[in-house]
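Below is one structure; the comments refer to it alone.
Every number in this text was worked out from the coordinates using simple rules, so none of it is lab data. Quick caveat: nothing in here was measured; it's all calculated off a predicted structure. Quick reminder, even Gly has a Cβ in these numbers, built from the backbone with ideal geometry, and neighbours come from all protein chains shown.
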Amino acid sequence: MAQDTFVRLLLSERKGPATPLLQKPRYYLATIARRVMVDSFRRRALEQAYLQALAQQPEAYALSPEDKLLMVEALHAVDAMLDGLGRKVKQAFLLSQLQGMGYKEIAAKLGVSVSSITQYVAKASEHCLLFALESEL
């Protein structure tokens, strides 16, 4: 965790100095460390949910350890990409992209209008595109 904290600190400095004169560096470092810890817990919960879902699959669909690792890494990437979106925005996007549901169905499921779903999916798509562009840099 300490290493990840300092890596984040160094990467944030590459984008530009956070503040020219940091008043309380200890608090700043503690905030970054807390965020790393939360990300770590979220990553573990995501992995556990995926592994539980795999355990419930018939053996004919069993994945090799390499395939499992690739799937977990892909889930982490998707989770990171969708980080920062609201719950309904994220849910609408995933229902649209992964479940193939139509906007009317999603609107009924989430209890919002179709125009809201259109905005949610557009916002999530833009967010994913910006994330992908930033990741290439």
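Just a few scattered comments:
- 3J(HN,Hα) from dihedral phi, the range 36-49, Karplus parametrisation 6.51/-1.76/1.60, rounded to Hz, x for glycine, proline: 5, 5, 4, 4, 5, 5, 5, 4, 5, 5, 5, 4, 4, 4
- Label-to-label distance, nm, for residues given as LYS109 and GLU126 (7 Å Cα→Cβ offset): 2.4 nm
- LEU75, LEU98 arranged by Cβ crowding within 10 Å, fewest neighbours leading: LEU98, LEU75
- Anisotropy class of the range 25-137 from Cα gyration tensor, a/c 1.5 cut: oblate
- The gain in end-to-end length when the ARG87 to TYR28 segment is fully stretched comes to 18.5 nm, 0.36 nm per residue minus the alpha carbon separation.
- For GLY102, residues with placed amide H under 5 Å, excluding near neighbours: none
- With each label modelled as a point 7 angstrom along the Cα→C-beta vector, the GLN48-VAL72 pair spans 1.4 nm.
- Here the gap between GLN56 and MET1, fully extended at 0.36 nm per residue and compared with their Cα-Cα distance, gives a gain of 16.6 nm.
- Here the contact order of the range 84-137, divided by its residue count and restricted to Cα pairs under 8 Å and six or more residues apart, works out to 38 percent.
- Spin-label model distance (nm) - ALA80 vs GLU134, 7 Å beyond Cα toward Cβ: 1.2 nm
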